[in-house]
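Just so it is clear, none of the values below were taken in a lab; they were calculated from the coordinates. The shown structure was predicted, so the numbers you read here are calculated from the model rather than taken from an experiment. Neighbour counts run over all protein chains shown; Cβ positions are idealised from the backbone, glycine included.
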Amino acid sequence: MMLEVDDLQIHYGTRDGAARAVDGASFVVPEGRIVGLVGESGCGKTTTVRAIMGVLSENGRQAGGRVVFKGQVMDEATTRRLRWRDIAYVPQSAMNSLDPVYTVGAQLTEVLTRRGGLSRAAARARSAELFDLVGLSERRLGDYPHQFSGGMRQRAAIAMALALEPSLLLADEPVTALDVIVQRQILDVLRSLQQRLGISMVLVTHDISVVAYLCDDVVVMYAGQVVESGPVREVLARPRHPYTMGLRNAFPDLLADAMELVPIGGSPPDLREPLSGCRFVPRCPFAQPACSLDLPPAAGEGHRSACRRDGEADSLRIAALDPRTWQRSSSFAMS
Ligand SMILES: Nc1ncnc2c1ncn2[C@@H]1O[C@H](COP(=O)(O)OP(=O)(O)OP(=O)(O)O)[C@@H](O)[C@H]1O
Ligand code: SF4
Ligand SMILES: [Mg+2]
């Protein structure tokens, strides 16, 4: 297994107490697969990938669980040793963080000399290779960020992450804020990188249609927990967790004409409050009183779902296709 995330718990210290941004998340990234990490804003996706990279913000700490990369438990020393060489990361908004006063090529060369210890000449040669790999012309190395389109800047950010030939790439929202055509181009770049380099990827997105387009497996997060995971085709064709059913209704298919979009009413819970039971209760159209009592463990092999009513998933899925089901839940959440 390339990566195992096992009962990961990440807390942020805040003035109002600890925010449990990731609260017992478990999932795996098999070799050579692209795993989509999906969920609404604030559900802990960025925190999860930053924890794997060992680059949590100052007030964040790992309060429990473990990350295992190719059989090695990632303690601080191991993480430092593997960071960028074996596990690399395209941060959220990376394409907007290029420095406007240096050429893109100079910034890429800088990354290669600083992180990889390459000589200037070797770094320049490698920069040209990396540009080619992400579909940018070598001639553009001398351009400044403002001469690049958004899609080109995102390609450059991906090239920087690939500088030291990692075997696992974590990409945080790599297509958010790009138009749909450019989104598809970047997703195609990621797919071709996966195929040419044989690497594994974790693709973070709030958009389930991006997962449908690119990913092999999907991990659905809600309020710091993994509620459903499994092979993409299976999970999207036959979601078993009501949150996944709701997400699927809320996004147009990248490839199909927009069908009626039905938002999930309400919003995710405040992670600084103590929470018990299923976190989706206030928004779930299928919630029952028992759902608030304790957390249902994820059930199933391969395709796993953590819902107390998992045994009724087939009939809930049919009900979830009816927009009126979700209107009912949103009026509950607001009342
Ligand atoms: N440095 C921090 N200090 C305190 N709380 C934080 C910090 N960073 C994130 N959080 C909180 O942790 C939770 C998870 O945030 P995170 O950024 O991981 O979510 P996300 O799923 O990546 O969201 P988005 O889709 O908006 O990027 C949120 O409630 C957020 O407010
Ligand atoms: S456990 Fe209950 S509230 Fe949670 S998703 Fe399942 S049915 Fe809905
Ligand atoms: Mg994020």
- line: At q = 0.10, 0.15 Å⁻¹, the log10 of I(q)/I(0) for segment 34-146 from a Debye sum over equal Cα scatterers comes to -0.40, -0.85
- request: Can you check what the Kirkwood hydrodynamic radius comes to for segment 204-299, Cα pairs only, in Å to one decimal?
  value: 14.3
Loop-exposed GluC sites (Glu not before Pro) per DSSP, neighbour cap 14 Cβ within 10 angstrom, longest uninterrupted part of the chain: 59-259
message: Given Cβ point charges of +1 (Lys, Arg) and -1 (Asp, Glu) and nothing else, what value in debye, to the nearest 20, does the dipole of segment 61-173 about its Cα centre take?
response: 280
- request: Decide, for the chain, between rounded, prolate and oblate: order the square roots of the alpha carbon gyration tensor eigenvalues as a ≥ b ≥ c, take rounded if a/c falls under 1.5, and otherwise choose prolate if a/b is larger than b/c, else oblate.
  value: prolate
Debye intensity ratio in log₁₀ form over the Cα atoms of segment 168-226, taken at each q of 0.13, 0.23, 0.27, 0.29 Å⁻¹: -0.33, -0.99, -1.27, -1.40
statement: Between L3 and residues 5 or more places away or on another chain, the pairs with built amide H atoms under 5 Å apart involve V29, K70
statement: The size of the Cβ-based charge dipole (Lys, Arg +1; Asp, Glu -1) of segment 90-237 about the Cα centre, to the nearest 20 debye, is 580
- request: Sort M201, M2 so that the residue with the fewest other Cβ atoms within 10 Å of its own Cβ comes first and the one with the most comes last.
  value: M2, M201
query: What relative contact order, as a whole-number percentage, does the chain give when Cα pairs under 8 Å and 6 or more residues apart are counted?
result: 20
field: Cut-off 14 Å (backbone N to label point 7 Å along Cα→Cβ of A237), residues of segment 199-231
entry: 231
query: What is the projected area of the convex hull of the Cα atoms of segment 148-192, averaged over all directions, in nm²?
result: 3.2
query: Counting only residues 5 or more places away or on other chains, whose amide H sits under 5 Å from the amide H of Y89 once H atoms are built in the peptide plane?
result: L170
message: Once you keep just the Cα pairs under 8 angstrom separated by 6 or more residues, what percentage relative contact order results for segment 1-145?
response: 22
- line: Taking segment 81-180, the equivalent ellipsoid from its C-alpha gyration tensor has semi-axes in Å, biggest first, of 19, 17, 11
- prompt: Rounded, prolate or oblate: which fits segment 1-93 when a ≥ b ≥ c are the square roots of the eigenvalues of the alpha-carbon gyration tensor, with rounded for a/c under 1.5 and prolate only if a/b beats b/c?
  reply: prolate
task: Run the dipole for the chain about the Cα centre, Lys and Arg Cβ at +1, Asp and Glu Cβ at -1, nothing else charged, and hand back the magnitude in debye, nearest 20.
output: 560
